[in-house]
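**Q** Have a look at the structure that comes next, please.
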Amino acid sequence: MSGIGVVLNPFSKKYKNDPNHLDRISFIIGDKASCKPTEDIDDLRRVADEFKTRDIDVLAISGGDGTIHCTLTTFLKVYGEKPLPRICFLRGGTHNTIAASLGVLGNTEQLLSNLLVRYHEDKPFKIRKLRLTKVNNEVGCIFGLGAVYRFMEVYYRGGTNLSHFTAVLMVMRTLSSMLVNGKTSRELFQPFDAEVVVNGKKWPFAQYAAFLTGSVSQIGLGCKVFNSMLTRTDCFHAIGMSLKPHDVFSQIIPMYSGKGSHHPGLLEEPAQHIQIHCATPQPY
């Protein structure tokens, strides 16, 4: 066996709030050469080269959804045609949406300890396939335009105060603004012109308030908006909204619970390939 390689983001909330956490992780894994904190993308690329040379069996990632996105993107580029090792998510971020969607629960120390025990005792792993989406040569599990991007942009303005409570509070403020068509909701759901082609078929909307895709079931805070991902791993779930804020409000409950929406201003379907042609550049 070629061992386990651990990549962790020392800037994630868990490590910034508890500087001794890194030492505990290194102690648990034993071989400190297998535990690699990464300061930037160049660091991550060097770690990927090392782990590829060592031919590790398992890549364990400690950090949030952004850490997973950066790590998998970099490792896929470095590994090239060589298959990636098995991937284990150790959580460690603020929300851990991808890990939660896959049923990965517990704290980083527990998850790492369980991984090491099963690996060294040669016990079988429960394996789940995860479809990644590729956008501009980067891979991830969740993608969003319009209101999705703007919501995250406002959320991250909180700086060091990011937490579940901060996110829930922002959601509640947004929902309240939707009820009265307030300024906050109008700014978040400001439409953009775009032509969207899903699975070779052009969607009928000319304007979108939001467009989002996911290869995991959740978009955050337990919201199972990508309901087809509860049972499928061969595609990703695409959603396009051409709705006013108060119309979005009426769809929150069915979408949150994973039941989907039947509003004519909202389209969704499992997808293999998507083309998005925006009239003006859009951040995502």
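The values are calculated or read from the model by the stated rules, or taken from the named source; none is laboratory data. The model shown is predicted, which means the values in this text are computed figures rather than measured ones. Neighbour counts are summed over all protein chains in view; Cβ atoms, including those assigned to glycine, are modelled from backbone coordinates with ideal geometry. Accessible surface areas use protein heavy atoms only, side chains included; no ligands, DNA or RNA. Shrake-Rupley method; radii C 1.70, N 1.55, O 1.52, S 1.80 Å.
**Q** If a residue must be under 20 Å from the mean Cα position of the chain (by Cα) and on the phi < 0 side of the Ramachandran plot, how many such residues does the stretch 116-139 contain? Write out each step before concluding.
**A** Just the residues of the stretch 116-139 that are under 20 Å from the mean Cα position of the chain (by Cα), to begin with: 127-139.
Keeping just the survivors that are on the phi < 0 side of the Ramachandran plot gives 127-135, 138-139.
Total meeting the criteria: 11.
**Q** Quick check: anything in the stretch 218-226 β-branched (Val, Ile, Thr), within 17 Å of His263 (Cβ to Cβ) and in contact with a helix residue (DSSP H, G or I) (Cβ under 8 Å, 6 or more places away or on another chain)? Lay out the reasoning, then the answer.
**A** Start the filter on the stretch 218-226 by keeping residues that are β-branched (Val, Ile, Thr), which leaves 219, 225.
In the following step, the residues that additionally are within 17 Å of His263 (Cβ to Cβ) were identified as 225.
Narrowing the set further to residues that are in contact with a helix residue (DSSP H, G or I) (Cβ under 8 Å, 6 or more places away or on another chain) leaves 225.
Scanning the stretch 218-226 turns up at least one residue that is β-branched (Val, Ile, Thr), within 17 Å of His263 (Cβ to Cβ) and in contact with a helix residue (DSSP H, G or I) (Cβ under 8 Å, 6 or more places away or on another chain).
**Q** Still on this model: What number of residues in the stretch 47-73 are at positive phi and of a type in the set (Asp, Glu)? Step through it out loud before you land on a result.
**A** Taking the stretch 47-73 and keeping what is at positive phi, we get 55, 63.
With the extra rule that they be of a type in the set (Asp, Glu), the set shrinks to 55.
Final tally of qualifying residues: 1.
**Q** Considering every residue within the stretch 215-225, establish whether at least one is closer than 16 Å to Ala271 by Cα, small (Gly, Ala, Ser) and crowded, with 20+ Cβ neighbours inside 10 Å.
**A** yes
**Q** Now for a different question. How about the stretch 145-167: which of its residues are open to solvent by 70 Å² or more (accessible area, probe 1.4 Å) and among the polar types (S, T, N, Q)?
**A** Hits for the stretch 145-167 are Thr160, Asn161.
**Q** Please state which of the following conditions Thr94 fails to meet, knowing it meets all the rest: (1) surrounded by 15 or more Cβ atoms within 10 Å (Cβ to Cβ); (2) among the polar types (S, T, N, Q); (3) assigned to a helix (DSSP H, G or I).
**A** Going through the list (1) surrounded by 15 or more Cβ atoms within 10 Å (Cβ to Cβ); (2) among the polar types (S, T, N, Q); (3) assigned to a helix (DSSP H, G or I), Thr94 breaks only (3).
**Q** Residue pairs, Cβ under 8 Å, 6 or more apart or interchain, first in the stretch 168-191 and under 11 Å from Arg150 (Cβ atoms) and open to solvent by 30 Å² or more (accessible area, probe 1.4 Å), second charged (D, E, K, R) and at pLDDT 90 or above. List them.
**A** Sorted first by the residue in the stretch 168-191, then by its partner, the pairs are Thr184/Arg173; Glu187/Arg150; Gln190/Arg150.
**Q** Looking at the stretch 33-45, can you tell me whether even one residue there is of a type outside the set (Gly, Ala, Ser) and in contact (Cβ under 8 Å) with a residue 40 or more places away in the chain? Break it down stepwise before answering.
**A** Start the filter on the stretch 33-45 by keeping residues that are of a type outside the set (Gly, Ala, Ser), which leaves 35-45.
In the following step, the residues that additionally are in contact (Cβ under 8 Å) with a residue 40 or more places away in the chain were identified as none.
No: zero hits.
**Q** While we're looking at this one, here's another question. What is the one condition in (1) over 26 Å from Ala167 (Cβ atoms); (2) part of a loop (DSSP other than H, G, I, E, B); (3) open to solvent by 50 Å² or more (accessible area, probe 1.4 Å) that Ile56 does not satisfy?
**A** Going through (1) over 26 Å from Ala167 (Cβ atoms); (2) part of a loop (DSSP other than H, G, I, E, B); (3) open to solvent by 50 Å² or more (accessible area, probe 1.4 Å) one by one, Ile56 breaks only (3).
**Q** Taking Lys134 as the residue in question, decide whether it is part of a loop (DSSP other than H, G, I, E, B), open to solvent by 50 Å² or more (accessible area, probe 1.4 Å) and without any contact (Cβ under 8 Å) to a residue 24 or more places away in the chain.
**A** Here the answer is no, as Lys134 does not meet what is asked.
**Q** On to the next question. Taking the criterion of being part of a helix (DSSP H, G or I), open to solvent by 40 Å² or more (accessible area, probe 1.4 Å), aromatic (Phe, Trp, Tyr) and modelled with pLDDT under 95, would at least one residue in the stretch 15-27 satisfy it?
**A** From the stretch 15-27, those part of a helix (DSSP H, G or I) are 15-17, 21-27; that's our starting set.
If we keep only those that are open to solvent by 40 Å² or more (accessible area, probe 1.4 Å) too, we end up with 16-17, 22-24, 27.
Narrowing the set further to residues that are aromatic (Phe, Trp, Tyr) leaves 27.
Okay, now just the ones that are also modelled with pLDDT under 95, so 27.
For the stretch 15-27, residues part of a helix (DSSP H, G or I), open to solvent by 40 Å² or more (accessible area, probe 1.4 Å), aromatic (Phe, Trp, Tyr) and modelled with pLDDT under 95: present.
**Q** Within the stretch 253-275, which residues are in contact (Cβ under 8 Å) with a residue 60 or more places away in the chain and within 20 Å of the chain's Cα centre (by Cα)?
**A** Residues satisfying the conditions are Glu269, Ala271, Gln272, His273, Ile274.
**Q** Could you list, in sequence order, all residues of the stretch 262-284 that are farther than 12 Å from Ile239 by Cβ, of a type in the set (A, V, I, L, M) and surrounded by 15 or more Cβ atoms within 10 Å (Cβ to Cβ)? Spell out how you get there, then give the answer.
**A** At the first step, the residues of the stretch 262-284 found to be farther than 12 Å from Ile239 by Cβ are 262, 264, 272-273, 275-284.
Checking the rest, the ones that are also of a type in the set (A, V, I, L, M) come to 276, 279.
Ile276 - this is the single residue of the stretch 262-284 that is farther than 12 Å from Ile239 by Cβ, of a type in the set (A, V, I, L, M) and surrounded by 15 or more Cβ atoms within 10 Å (Cβ to Cβ).
**Q** Another question, then. Of the numbered conditions (1) open to solvent by 20 Å² or more (accessible area, probe 1.4 Å); (2) free of Cβ contacts under 8 Å to residues at least 60 places away in the same chain, Leu243 fails exactly one; give the number of that condition.
**A** Failing condition for Leu243: (1).
**Q** Within the stretch 97-118, track down each residue that is of a type outside the set (Gly, Ala, Ser), closer than 25 Å to Asn20 by Cβ and free of Cβ contacts under 8 Å to residues at least 60 places away in the same chain.
**A** Within the stretch 97-118, the first condition is being of a type outside the set (Gly, Ala, Ser), and the residues that meet it are 97-98, 102, 104-105, 107-112, 114-118.
Within this subset, residues satisfying the condition of being closer than 25 Å to Asn20 by Cβ are 104-105, 107-112, 114-117.
Result: Val104, Leu105, Asn107, Gln110, Leu111, Asn114, Val117.
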